[in-house]
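Remarks on the structure that follows.
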Amino acid sequence: LGVKRDAEAVPMLCRLAADPAAGVAREALLALGRIADEAAVGFLRKVLGEGADAERASAAAACLLAAERLWAEGRTEGAVALYDAVRQAPVPVPCRAGALRGAILARGEAGVPLLIESLRSEEPGLRDAALLAIREGPSPALAKALNAEVARSSAEMRPRLLRAAKRIQPLGVL
């Protein structure tokens, strides 16, 4: 149902996702993420905010699926909102890292400050997501910001930044 993006199945999938006894809550959440219509996204955001730990983690994964779908369809504002909701939710670091990557890239050049902030994070998984975003979203604004950040970065981080920045060297990174 999720792969077919069957919007008529959303109410049934919401019921299944809300019933842990059904044994298919995770699968139902992921199907809702693939459908990514307004009702599915609304339900996913509710679970992300109010669910138990395991439910929130599954809802976060489903929100990432939905955000990718929205972004691919040109609905960037909705994608950024979902990415930000996952970034700020109490979910495992890999979910927050995936959301960070998406939030940076979906914002385009406006995501550069978030990327630079994330390079300074105490959480290695978030720093790694920011390094990945450097490779995926080169821009002149990013090149300029990276030049400044390389000069400020720690001895540990500097070579990692330079390796990540190799892809955007033509844009003027050291």
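Structure notes:
- Matching entry among Val47, Val93, Val86 (being touching a Ser or Thr at 6+ places or on another chain (Cβ under 9 Å) and at pLDDT 95 or above): Val47
- Total residues in segment 96-114, condition open to solvent by 70 Å² or more (accessible area, probe 1.4 Å) and either of a type in the set (D, E, K, R) or touching a Gly at 6+ places or on another chain (Cβ under 6 Å) (or both): 2
- When segment 115-153 is filtered for residues that are open to solvent by 60 Å² or more (accessible area, probe 1.4 Å) and over 18 Å from Leu100 (Cα atoms), the ones remaining, listed by number, are Pro140, Lys144, Ala151, Arg152.
- Annotation: Val93 fulfils all but one of (1) under 25 Å from Asp53 (Cα atoms); (2) surrounded by 18 or more Cβ atoms within 10 Å (Cβ to Cβ); (3) among the aliphatic types (A, V, I, L, M); the unmet one is (2).
- Of all residues in segment 120-136, those satisfying the criterion of being of a type outside the set (Gly, Ala, Ser) and either in a helix (DSSP H, G or I) or within 20 Å of Ala151 (Cβ to Cβ) (or both) are Arg120, Pro124, Leu126, Arg127, Asp128, Leu131, Leu132, Ile134, Arg135, Glu136.
The values are calculated or read from the model by the stated rules, or taken from the named source; none is laboratory data. These numbers were taken from a predicted model, which means no experiment stands behind them. FYI the Cβ positions are ideal-geometry reconstructions off the backbone, even for glycines, and counts take in every protein chain you see. What goes into the accessible areas is simple: the full protein's heavy atoms, side chains included, and nothing from ligands, DNA or RNA. Shrake-Rupley method; radii C 1.70, N 1.55, O 1.52, S 1.80 Å.
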